[in-house]
1. Of the conditions (1) farther than 26 Å from PRO100 by Cα; (2) out of contact with any strand residue (DSSP E or B) (no Cβ under 7 Å at 6 or more places or on another chain); (3) open to solvent by less than 30 Å² (accessible area, probe 1.4 Å), ALA344 satisfies every one except a single condition; which number is it?
2. Six or more apart or on different chains, Cβ atoms under 6 Å: show the pairs whose first residue is in segment 179-201 and open to solvent by less than 10 Å² (accessible area, probe 1.4 Å) and whose second is acidic (Asp, Glu) and within 16 Å of the ligand (Cβ to nearest atom).
3. Does any residue of segment 222-235 turn out to be at pLDDT below 95, farther than 25 Å from ARG333 by Cα and either over 16 Å from the mean Cα position of the chain (by Cα) or more than 16 Å from the ligand (Cβ to nearest atom) (or both)?
4. Going residue by residue through segment 89-98, is there one that turns out to be at pLDDT 85 or above and in contact with a strand residue (DSSP E or B) (Cβ under 7 Å, 6 or more places away or on another chain)?
5. Scanning for something closer than 16 Å to TRP477 by Cα, assigned to a loop (DSSP other than H, G, I, E, B), touching a helix residue (DSSP H, G or I) at 6+ places or on another chain (Cβ under 6 Å) and open to solvent by less than 60 Å² (accessible area, probe 1.4 Å), does segment 567-574 turn up at least one residue?
6. Against the definition (part of a loop (DSSP other than H, G, I, E, B), of a type in the set (Val, Ile, Thr) and within 16 Å of the ligand (Cβ to nearest atom)), how does THR295 come out, yes or no?
7. Checking ASN537 against (1) out of contact with any Ser or Thr (no Cβ under 9 Å at 6 or more places or on another chain); (2) touching a residue at least 60 places away in the same chain (Cβ under 8 Å); (3) closer than 12 Å to ALA420 by Cβ; (4) open to solvent by 10 Å² or more (accessible area, probe 1.4 Å), which single condition isn't satisfied?
8. Taking GLY229 as the residue in question, decide whether it is assigned to a loop (DSSP other than H, G, I, E, B) and either of a type in the set (Gly, Ala, Ser) or surrounded by 24 or more Cβ atoms within 10 Å (Cβ to Cβ) (or both).
Amino acid sequence: MSNPPPRTTASPTNEPAGVTTATTTRRTVLKGAALAAAAAAGSSGLSVLRPFDLEAAAAPAHRGVFGYGVASGDPTGDAIVLWTRATPPPETPGGPVATPGSGLGRPLRVRWELAYDQHFRHVVKHGTESARAESDHTVKVDVHGLRPYTRYWYRFRAAGETSVVGRTQTAPDEPRRDHALRFALVSCSNYTGGYFTAYRALGERDDLDFVLHVGDYVYEYGNGPDRYGPADLVGKRDGIPATETVDLEGYRLRHALHKADPDLQLAHRRHPWITIFDDHEVANNTWRAGAENHTPGAEGDFLTRRREAYEAYLEWMPFRLPSQHTVDHQGTRFFRRFSFGRLADLSVLETRQNRSAQVDVAPYTKTGGGFIPEGAPAVDAQLADPDRHLPEPEQLRWLERGVAKKGRSWHLVGNQVIFAPVRFPGAALGLPAGQYVNSDQWDGYQADQSALVAHLDETDSRHGDAVFLTGDIHSSWAMDIPAERFAGYRSVGVEFVCPSVTSDGFYELVSASRKGAPTPALVQTTRGLTTAVTSANPWVRYLDGIGHGFVVLDVTRKRVHADYYLTPVPTSALPDPRVDPSVEPAYATSWRTLHTTRRVVAADGPVGQRRDEPHERKH
Ligand SMILES: [Fe+2]
């Protein structure tokens with residue numbers, strides 16, 4: 001590597017992460033940028049262009065009953081969750097509108113229909129639900145008794161209006177049948193970070209069984225000094241509410257803002273989603289009793305805030321809360337498992353609610369973890385402390401039982417923070433020399449990490465190979481999972497990590513730390529940084545720190561194939577593709593793992609046609 005190390009001081013993962021060094025944090029960098037842009041806009045005396053109304057979160061409520069679109073989620077072989085938000089018309093002409101978070105509005109009877117065809121000639125199921133202010137007038141229906149691997153269409157009606165038609169399908173989960181299985185992996189969709197063109201690209205595809213979102217669907221930051229994202233979007237794509245979300249009204253509005261986005265509406269309307277929250281659905285780097293971005297007192301009680309954040313999440317997402325009685329757990333059980341015949345199952349983890357506090361090392365981190373140096377005995381002992389946990393022990397046992405289950409080729413694991421060990425060279429992070437680990441990842445909970453690795457090592461490939469599907473770090477990775485930390489290796493499974501939809505990655509961190517540098521130099525520096533990381537971690541076979549987008553996973557009994565779709569490499573003409581609403585991610589590279597090898601290798605190109613399609617029953 002010939003590039004000088006960038007003077008990056010902030011965490012590319014888990015957002016601000018509290019990496020405090022002698023220079024600045026990412027948030028102070030952004031603060032300066034956002035304020036400068038706001039000042040420039042104000043001093044011109046002109047209002048900046050606003051493709052999105054400042055009241056974007058509330059606007060759909062003024063446009064009709066179903067302005068927030070429709071969504072479906074959590075497909076099983078015989079059930080699917082349908083979702084919408086039904087805004088009741090004002091009780092008097094010109095009266096107050098029941099906007100999200102307002103608590104206003106009478107109950108509204110909503111009829112739903114699920115059909116085999118998009119013209120609703122053959123309605124399979126229908127019913128009525130009540131949209132009430134207590135659930136922010138969101139409606140969720142868990143429709144059961146459906147046929148596996150079957151295409152359905154759905155819509156809602158209320159107050160004389162009809163919603164758009166949604167397209168969905170049940171899971172390819174038929175005994176003794178191997179169907180195609182193809183889905184998208186996404187994470188980290190910061191509204192103020194850019195246009196959701198990745199979601200548009202997903203909505204334009206018709207070959208996906210579902211979209212898997214592993215967290216940071218919304219971010220909590222406001223539009224002030226804490227603004228997160230490029231200054232170019234100030235005034236064009238602002239957060240609502242304008243201040244950090246800390247209570248039920250705020251979280252409801254923030255979710256409504258996302259459901260008002262046309263690209264996200266399209267992606268929800270076209271595919272069922274399977275989702276789980278990470279930290280930002282509440283606040284940055286949460287643990288069981290606090291968060292890096294929570295100030296007790298000034299921002300209220302953390303557990304109250306978290307309860308309200310979860311409430312809004314459950315209202316606004318097409319999420320099926322699993323049984324609270326059949327599996328041991330702590331708090332509210334969100335983790336759950338999906339099944340795809342003998343091909344695969346998908347365990348979706350939840351790793352924030354019960355996690356022990358992250359390990360902090362001054363002056364690198366204050367609270368909530370981040371990049372800390374390895375090697376000090378006291379720190380290493382904390383990182384490996386068997387009493388510290390990422391998922392609660394009950395969930396870890398549940399996962400261990402799941403990945404040992406016979407009769408499936410693959411055990412897919414929807415996961416938030418990177419599972420494989422990764423050491424970051426200090427030079428690559430602009431930190432003093434030495435090796436660093438991110439204590440907000442599984443590396444910060446090495447007893448849990450080692451226990452699961454050992455369990456995978458003992459599990460025979462005939463019982464299925466593990467594939468971790470991860471987000472959080474705003475960059476694209478494909479890697480093996482070594483059986484022994486940092487020592488040669490035998491691999492026990494693989495991990496594919498998706499880039500962010502819009503949130504800042506390594507390139508943006510480098511850019512923030514080298515203001516005014518030409519774009520090609522910033523690209524080169526970012527590549528130097530990621531090369532340094534791969535050199536220090538030979539099991540990391542692929543790492544891109546520049547593009548934003550998504551990964552498409554295609555699963556057969558023989559292999560799991562991952563296609564990476566990324567925004568174009570920045571140029572002097574377009575130094576930040578996220579701020580151009582016409583730029584969609586495009587195919588970039590492919591990696592795959594063959595059954596029983598437990599290794600990732602480069603693949604020749606993107607997957608082609610699906611092997612088969614969901615059943616369509618016209619009449
Ligand atoms: Fe994120």
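1. Of (1) farther than 26 Å from PRO100 by Cα; (2) out of contact with any strand residue (DSSP E or B) (no Cβ under 7 Å at 6 or more places or on another chain); (3) open to solvent by less than 30 Å² (accessible area, probe 1.4 Å), only one is false for ALA344: (2).
2. Every condition considered, the pairs that remain are SER187/ASP216; CYS188/ASP216.
3. We begin by selecting, within segment 222-235, every residue at pLDDT below 95; these are 235.
Remaining after also requiring farther than 25 Å from ARG333 by Cα: 235.
Next, only the ones that are either over 16 Å from the mean Cα position of the chain (by Cα) or more than 16 Å from the ligand (Cβ to nearest atom) (or both) stay: 235.
Yes, the conditions are met somewhere in segment 222-235.
4. The answer is no; no qualifying residue exists.
5. As a first pass, look at segment 567-574 and keep what is closer than 16 Å to TRP477 by Cα: 567.
Then drop every residue that is not assigned to a loop (DSSP other than H, G, I, E, B), which leaves 567.
Checking which are touching a helix residue (DSSP H, G or I) at 6+ places or on another chain (Cβ under 6 Å) leaves us with 567.
Still in the running and open to solvent by less than 60 Å² (accessible area, probe 1.4 Å): 567.
Within segment 567-574, one or more residues are closer than 16 Å to TRP477 by Cα, assigned to a loop (DSSP other than H, G, I, E, B), touching a helix residue (DSSP H, G or I) at 6+ places or on another chain (Cβ under 6 Å) and open to solvent by less than 60 Å² (accessible area, probe 1.4 Å).
6. Values: part of a loop (DSSP other than H, G, I, E, B): yes; of a type in the set (Val, Ile, Thr): yes; within 16 Å of the ligand (Cβ to nearest atom): no.
Criteria not met by THR295.
7. Result: ASN537 passes all but (4).
8. Details: assigned to a loop (DSSP other than H, G, I, E, B): yes; either of a type in the set (Gly, Ala, Ser) or surrounded by 24 or more Cβ atoms within 10 Å (Cβ to Cβ) (or both): yes.
Against the criterion (assigned to a loop (DSSP other than H, G, I, E, B) and either of a type in the set (Gly, Ala, Ser) or surrounded by 24 or more Cβ atoms within 10 Å (Cβ to Cβ) (or both)), GLY229 qualifies.
The values are calculated or read from the model by the stated rules, or taken from the named source; none is laboratory data. Treat the numbers as computed from the prediction; the structure is a model and nothing was measured. Cβ sites come from the backbone with ideal geometry, for glycine too, and all protein chains shown count toward neighbours. Calculation scope for accessible area: heavy atoms of the full protein, side chains included, ligands and nucleic acids excluded. Shrake-Rupley method; radii C 1.70, N 1.55, O 1.52, S 1.80 Å.
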